[in-house]
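Structure first, then comments.
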Amino acid sequence: MRLPKAREWLFWEVDVKKLDTRKHACSIIARVVEFGCLADVRWLIETCGMERIHRFFRDEGHTEISDRTLAFRRAVFEARGEAWASPPAWRRLNGDLWVD
């Protein structure tokens with residue numbers, strides 16, 4: 001699934017035509033969660049679903065997401081008591097945002 005034109009501003013440094021919402025879900029979720037507005041988060045929930053978003057936070061993590069954003073998003077995504085993953089070591093050591 002392709003990224004809608006209204007969300008392209010979130011991905012200023014990549015070719016949005018190459019982004020796929022399924023293949024690049026981790027990076028898309030991280031970017032929307034960190035920089036997106038309410039409309040972007042609504043789109044994310046519709047596109048990925050709450051279970052996929054919770055799985056991202058629970059199992060994967062991402063260095064792009066700040067601690068402040070994580071605390072806020074715990075409330076937004078109704079995950080206050082859920083344990084969330086730290087970013088994997090390869091992601092902490094790799095400066096690339098889009099790892100295929």
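Throughout, read-outs are computed from the coordinates displayed, never taken from laboratory work. Here the structure is a predicted model, which means the values were calculated and not measured. Cβ placement follows ideal geometry from the backbone for every residue including glycine, while neighbour counts extend to all protein chains displayed.
Within segment 13-27, can you find the residues that are in a helix (DSSP H, G or I) and either more than 15 Å from T63 (Cβ to Cβ) or touching a strand residue (DSSP E or B) at 6+ places or on another chain (Cβ under 9 Å) (or both)?
Result: V16, K17, K18, A25.
Across segment 34-71, what is the total count of residues that are closer than 22 Å to A6 by Cβ, touching a residue at least 24 places away in the same chain (Cβ under 8 Å), assigned to a helix (DSSP H, G or I) and not hydroxyl-bearing (S, T, Y)?
11
Filtering segment 5-33 down to residues that are without any contact (Cβ under 8 Å) to a residue 24 or more places away in the chain and among the charged types (D, E, K, R), which residue is nearest to T69 (Cα to Cα)?
Result: E8.
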